[in-house]
1. With the requirement that a residue be farther than 14 Å from residue 47 by Cα and out of contact with any strand residue (DSSP E or B) (no Cβ under 6 Å at 6 or more places or on another chain), what does the stretch 76-105 give you?
2. Restricting the search to the stretch 16-34, which residues are over 15 Å from residue 87 (Cβ atoms) and assigned to a strand (DSSP E or B)?
3. Considering only residues of the stretch 81-95 that are modelled with pLDDT of 95 or more and outside any strand (DSSP E or B), which is surrounded by the fewest Cβ atoms within 10 Å (Cβ to Cβ)?
4. Looking only at the stretch 73-93, which residues are closer than 23 Å to residue 115 by Cα and in contact (Cβ under 8 Å) with a residue 40 or more places away in the chain?
């Protein structure tokens, strides 16, 4: 007999608009709208981040602090299409109460879109939008 580990789902929704902050995404000279989100797990373990959008999303994970003027600084990972349907996906081991930064943007420059991010893991995560840069 075996036991199934419970998977907890946490969700965050937002939109990239013409009022969103802008930066030059890592490995690109173009300008992109972005939303930066602090993600803090309540328990250590492996978490899977999956984006959903009708637009081609692009995600970046950072160790704090995130500096949009230097998008390669503290960069952990980038992803474009691992979730399928042109959405990003990350699987990362996170430490309880240690914040990481998820930056959501699009594959194409200057594009707006609504999006959601679902995080699956051993416990819930807390999302906090970052608004000052």
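1. Selection gives 81, 84, 85, 86.
2. Step one: filter the stretch 16-34 for residues over 15 Å from residue 87 (Cβ atoms), giving 17-34.
Listed by number, the residues that qualify are 21, 22, 23, 32, 33, 34.
3. Among residues in the stretch 81-95 that are modelled with pLDDT of 95 or more and outside any strand (DSSP E or B), the one surrounded by the fewest Cβ atoms within 10 Å (Cβ to Cβ) is 95.
4. Once the filter is applied, which keeps residues that are closer than 23 Å to residue 115 by Cα and in contact (Cβ under 8 Å) with a residue 40 or more places away in the chain, the stretch 73-93 yields 75, 78, 89, 90, 91, 92.
The values are calculated or read from the model by the stated rules, or taken from the named source; none is laboratory data. Quantities reported herein were computed from a predicted structural model and do not represent experimental measurements. We place every Cβ from the backbone using ideal geometry, glycine too, and count neighbours over all the protein chains shown.
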